[in-house]
C-alpha cells in the first residue's frame with residue numbers, strides 16, 4: 001500500500017502534461033492558416049492530405065467540378081443554404097429479407113428510364129440481355145432481341161461503323177464522350193446509372209443505423225432518388241441565390257442541381273395491365289418506378305441472393321443445433 | 001505440454017517407413033488431436049479457430065477474385081462490378097470476401113481483448129502474444145490495400161490519406177511516400193503494387209500464424225482462471241473436445257456472417273465506393289473502414305504541436321504508438337495474477353478501456369472541421385489519454401495497490417468449486 005503515492009504521482013504528471021498541451025490546443029484555430037497545423041480542419045486531415053489534394057482539386061475549379069455530387073455547388077451556395085429536410089423512407093417491394101423486385105414495377109421503371117432518363121444518363125454496365133434474366137423485368141428472349149435491334153450500336157468493326165444492337169450489347173451511351181455529355185448539360189456530366197442507386201444514400205443517425213443491421217435497410221439510394229425527383233421547386237426560397245443554369249431542389253446537397261426537373265405528370269404512358277388495372281401517371285409514381293429500376297441495375301442479383309440466403313440460413317441453424325448436441329455429448333463426461 | 005508422450009503408432013509397415021522419414025502423421029496427431037488443452041476454456045477461446053477459418057476463407061475467395069480482377073486504373077472498378085454481375089457465383093464470392101474482412105476484424109478484436117482480459121500475454125507467452133500483434137499489423141496492411149483495389153472514390157481517397165501518413169516521418173518520409181505510391185500521387189502504379197502486396201501478405205500472415213500456433217503449443221493454452229496446467233487431470237485432448245467445440249463456435253459465427261453476405265452485403269461499405277475513383281473530386285467526407293476507426297480517431301485527435309514536433313508528426317507518433325504499444329504489454333503489466341477474473345481493481349479499468357475503444361471507434365466516424373462538431377477533437381483527446389493511460393499507468397502500477405482474490409490451486413479445483421466472480 002506504500003506505493004500508492006506512485007500511482008497518484010503518475011496520474012498527476014499525466015494531468016499536468018495534458019494541461020500543458022492546452023495552450024497549444026487553444027492556438028490551433030487561430031493558426032489554421034499556418035501550414036504546420038493543416039491537420040486540424042477537414043476529415044481528410046490526416047497529415048499532408050490537404051497539401052497534396054489541393055493540387056489536383058485546384059486545377060479543376062471550373063464549373064464542371066460540381067458535376068457529379070454537387071459538393072462544389074454546396075460550397076458556392078453555402079451562405080444562405082436552407083437545411084436539407086429529412087428524407088422519408090418509402091415502402092419498397094425489395095426491402096427486408098423477404099423483399100423481392102416487383103417485375104411490373106421494374107418494367108414501368110425501365111419504360112421511364114428508356115423514354116426519359118436515358119436521354120442524358122448512361123448505364124454502361126447494363127446489357128440488353130439483363131432484361132431477360134431472372135429477378136429482373138424478365139422480358140422474353142424474343143422481346144429483348146427485338147428491343148436491342150431497334151438501337152444502333154457504334155461498332156468500329158462493323159461496315160460503316162454502326163450496326164443494330166443484339167442482346168449482348170451494353171446499353172448505348174447517349175453521348176459519344178464525357179466531354180460531349182458535359183457540353184450538352186451545362187458543364188455537368190449526368191452520372192452513370194449502373195451503380196447510382198448504391199452510390200447514393202440518406203442520413204441514418206444513431207440509433208437508426210444500428211437497427212438497420214437487423215432490418216437490413218439498404219434502400220437509402222432509392223429513397224434519395226425518390227425524394228430528389230419530388231424535391232424540385234420552380235423558385236428558390238427568398239435569400240437563396242441560384243447560379244445560372246441550376247435548379248432548386250430540397251434534397252440535393254447545396255440545393256442547386258444541374259439536372260432540370262426530368263419528370264412531369266403524364267410524361268410517360270403506362271399500358272394498362274391484362275386485367276385492365278392502371279397505375280397513376282404521376283411524378284411520384286414515375287420516381288418510385290424509376291428508383292426501383294435503378295436499384296435493380298445496381299443490384300441485379302438481389303432476388304437470387306436472398307433466396308440462396310434462406311437456404312444457407314436453414315442449413316447453418318440446423319448445423320449449429322447438431323454441433324451443439326455433438327459438443328454436449330462429447331463433453332458430457334468431463335467436468336468443465 | 002511439449003514433452004508429452006507421443007501416442008502415435010504406425011498402423012502398418014508403410015506408415016512406419018514414412019514415419020521414420022517424415023513424421024508428418026505423428027506430428028499432426030500430436031498437435032491437431034492429442035494436444036492437451038485446459039478443460040475450462042470458454043467460448044471466447046473459440047475465436048482462435050474462427051480466425052484460422054476466416055484467413056482460409058479470405059485466401060480462397062481472394063484467389064478466385066484475382067482470376068477475374070483487372071488491376072488497371074481504368075478497368076479495376078468495372079471488373080469488380082462485373083464479377084458481381086457476370087461471374088458464376090461472383091456475387092457471393094465477392095460479398096464473402098468483402099464482408100469477410102469485417103468478420104475477420106471483428107473476430108480479431110474479440111481475440112485480442114480476450115487476451116488482454118485473461119492476461120494471455122504474460123510469461124511464458126510473450127512471443128505468442130507478439131506474433132499475434134504482428135499478425136494484427138499485417139492484417140491491417142492487407143485490409144487497407146484490399147480496400148483500394150475496387151478503385152472507387154473511397155478506395156482512392158483512403159489510399160491518398162493513409163499513404164500520406166508516412167510522409168510525416170522525418171527524412172525518409174517523402175521517399176517512402178513515393179515508394180508506396182509508385183509516383184507522386186496515387187495512381188495506376190499504386191494500384192498495381194497494392195494488388196501485388198495484397199496477394200502476397202495473406203500468405204505471410206499464414207506463415208506467422210504457423211509460428212503463432214507453434215508458440216502456443218510450447219507452453220500450452222492460457223485459460224480463464226489463468227492457473228497453469230498442473231496435471232493431466234486439468235486437460236483434455238484437443239480432438240474431439242475442442243475440435244467439436246470450436247466447430248460449433250464457427251457455425252454460430254457463420255450465421256451473422258451469412259446475414260451480411262446474403263441480406264445486406266453493402267451495409268458496411270461506403271456508398272462513395274460505388275463511384276469510380278476520380279482524382280479531381282474529393283468525396284464529401286473520407287472515412288476509413290470501421291476497423292481502422294479507433295486508430296484514425298487517435299491520429300486525428302492530435303492537432304497540437306509539442307515542443308519541436310509539429311502536430312502532423314505527433315499524430316503519426318501517437319497513431320503508431322497506439323498499435324506498437326501492444327508489443328510491450330507483456331512487460332507493462334506487472335501483475336503476478338494472470339486472469340482479470342481475480343483482479344477486482346483491474347476489472348473496471350479494463351471495461352472502461354473497452355468502452356473507450358468503442359467510443360474512439362465511433363468518434364473516428366464523426367466529421368470534424370464544422371462548428372457542430374467542435375467537441376470531436378476534445379472528446380478524442382480524452383479517449384487518447386485513457387487509451388495510453390491504461391497501458392502506461394494502469395497495467396504497470398495498479399498491481400502495487402491491488403489485492404487479488406485467492407487463486408484456485410488448479411484448473412480442476414476451479415472447475416469443481418467455481419470461483420464466484
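Over chain B, the pair-distance histogram of Cα-Cα distances with 20 Å bins from zero comes to 23, 53, 24, 1 percent, rounded to whole numbers. Its Cα gyration tensor gives the protein assembly as shown an equivalent ellipsoid, and the semi-axes of that ellipsoid, as √(5λ) in whole Å with the largest first, are 51, 35, 24. Ellipticity at 222 nm from helices only: DSSP H runs of n ≥ 4 in chain B, each -39500 (n - 2.57), divided by the residue count, give -18500 deg cm²/dmol.
Per residue of B:31-42, other chain Cβ atoms within 10 Å of the residue Cβ number 1 on average. Compared with the dominant Cα axis of chain B, that is its longest principal axis, helix B:375-389 is turned about 30°. Across segment B:287-402, C-alpha contacts under 8 Å between residues 6 or more apart give a mean separation that, scaled by the residue count, equals a relative contact order of 40 percent. Compactness ratio for segment B:27-132: Cα radius of gyration over 2.2 N^0.38 Å (N = residue count) comes to 1.44.
Computed as a quarter of the hull surface, the mean projected area of the alpha carbon convex hull for segment B:281-421 stands at 11.8 nm². Assuming R0 = 22 Å, can you tell me the calculated FRET efficiency for the pair residue B:192 and residue B:82, based on Cβ-Cβ distance, to the nearest 0.05? Once the sixth-power term is evaluated, E becomes 0.70. For the pair residue B:172 and residue A:102, label points projected 7 Å from Cα toward Cβ lie 6.2 nm apart. For segment A:209-264 and segment B:1-71, compute the distance between their C-alpha centroids and round to whole Å. If we compute the Cα centre of each part, the gap is 56 Å.
Take each residue in B:263-272, count the other chain C-beta atoms within 10 Å of its C-beta, and the mean is 6.
Rounded, prolate or oblate: pick one for segment B:234-327, where a ≥ b ≥ c are the square roots of the eigenvalues of its C-alpha gyration tensor, a/c under 1.5 means rounded, and failing that, prolate if a/b is larger than b/c, else oblate. Since a/c reaches 1.5 but b/c is at least a/b, the shape of segment B:234-327 is classed as oblate. Peptides A:285-291, A:309-315, B:311-317, B:382-388 ranked from most to least packed by the mean count of surrounding Cβ atoms within 10 Å: A:285-291, B:311-317, B:382-388, A:309-315. Which shape class, rounded, prolate or oblate, goes with segment B:20-60 when its Cα gyration tensor gives a ≥ b ≥ c as root eigenvalues, a/c under 1.5 marks rounded, and past that a/b bigger than b/c marks prolate? Taking the square roots of the gyration eigenvalues as a ≥ b ≥ c, segment B:20-60 is oblate. If you wrap the tightest convex hull around every Cα atom of segment B:308-391 and split its volume per residue, you get 119 Å³.
In terms of its Cα atoms, segment A:259-325 spans 62, 36, 15 Å along the principal axes, sorted from long to short. Other protein chain C-beta atoms within 10 Å of residue C-beta, averaged over A:127-133: 1.
Solvent-free Debye calculation, one equal scatterer per alpha-carbon of segment B:108-260: log10 I(q)/I(0) at 0.08, 0.09, 0.12 Å⁻¹ equals -0.36, -0.45, -0.72.
The angle between the Cα long axis of helix B:153-167 and the longest principal axis of the Cα atoms of chain B comes to about 80 degrees, rounded to the nearest 10. In percent, rounded to a whole number, the relative contact order of chain B is 22, using alpha-carbon pairs under 8 Å and six or more apart. Taking the C-alpha atoms only, the angle from helix B:90-118 to the longest principal axis of chain B is near 60 degrees.
Distance between the pseudo-spin-label points of residue B:200 and residue B:179 (7 Å out from Cα toward the beta carbon): 1.2 nm.
Each reported figure results from applying straightforward, stated rules to the coordinates on display, with no laboratory input. As the structure is a computational prediction, the values presented were derived from the model and not from experiment. Glycine also receives a Cβ, built like all others from the backbone with ideal geometry; neighbour counts cover every protein chain displayed.
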